[in-house]
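What follows is a set of notes on a single structure, which appears directly below.
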């Protein structure tokens, strides 16, 4: 499983987008009403983004790998990492699950959900193997006190109240990820609705609303990118 995790970690930027192809495979519906799928999907995506936002806003962790391999300079145990060892991966998985659920495709939800679940578990095990080898007993103690994927609620209020939330770092580090996650759902909904709606988009209130949402999100992305590139906000 560790070897599989290292494989996924190295090639995740190429492999993960391929799962989007599942959305185009003819499939039975996950829910009888597409609006239920949309509501559940949006809820999961928002929950995932809230978890990521709180995590990054409180304490940033540099664990992006080096040379396509798992790597970390420090063992970060503060902020949300004192309540869950992998809050960013939890947020990622919820966001991806929300996207595939919003497609209302049984094939995409089941196979996409299983694929990403296995991928993130494998990557997590590979990272744990590296961290245990580098930090030894300190990491074992951390693992004994903090759950891998669930959240320890004890002391959460204290953590949120005692830490300064860094909005600028959140925007600088997360604007791209947030744009892809939040805009993905309305794009998927536009695609799936064109399969069931006979109205042209300019006569369909749902389509107009989705296009407005995409336009707003695109504008927010461009603004955040300009603020970062121009140096108006820094980490």
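The values are calculated or read from the model by the stated rules, or taken from the named source; none is laboratory data. Quick caveat: nothing in here was measured; it's all calculated off a predicted structure. Quick reminder, even Gly has a Cβ in these numbers, built from the backbone with ideal geometry, and neighbours come from all protein chains shown.
Annotations
- Breaking point among (1) over 30 Å from residue 31 (Cβ atoms); (2) at pLDDT 90 or above, for residue 161: (2)
- If the condition is being in contact with a helix residue (DSSP H, G or I) (Cβ under 7 Å, 6 or more places away or on another chain) and either surrounded by fewer than 17 Cβ atoms within 10 Å (Cβ to Cβ) or outside any helix (DSSP H, G or I) (or both), then region 94-106 contributes 103, 104, 105.
- The residue that is modelled with the highest pLDDT, among those in region 200-210 that are more than 10 Å from residue 183 (Cα to Cα) and either in a helix (DSSP H, G or I) or touching a strand residue (DSSP E or B) at 6+ places or on another chain (Cβ under 7 Å) (or both), is 209.
- Qualifying residue in region 105-118 (condition: touching a residue at least 60 places away in the same chain (Cβ under 8 Å) and within 27 Å of residue 154 (Cβ to Cβ)): no
- Listed conditions (1) surrounded by 15 or more Cβ atoms within 10 Å (Cβ to Cβ); (2) touching a residue at least 60 places away in the same chain (Cβ under 8 Å) are all met by residue 28, apart from (1).
- The one condition in (1) farther than 14 Å from residue 99 by Cα; (2) at pLDDT below 90; (3) assigned to a helix (DSSP H, G or I) that residue 213 fails to fulfil: (2)
- Within region 154-182, the set of residues being outside any helix (DSSP H, G or I) and either in contact with a helix residue (DSSP H, G or I) (Cβ under 6 Å, 6 or more places away or on another chain) or closer than 21 Å to residue 43 by Cα (or both) comprises 163, 165, 166.
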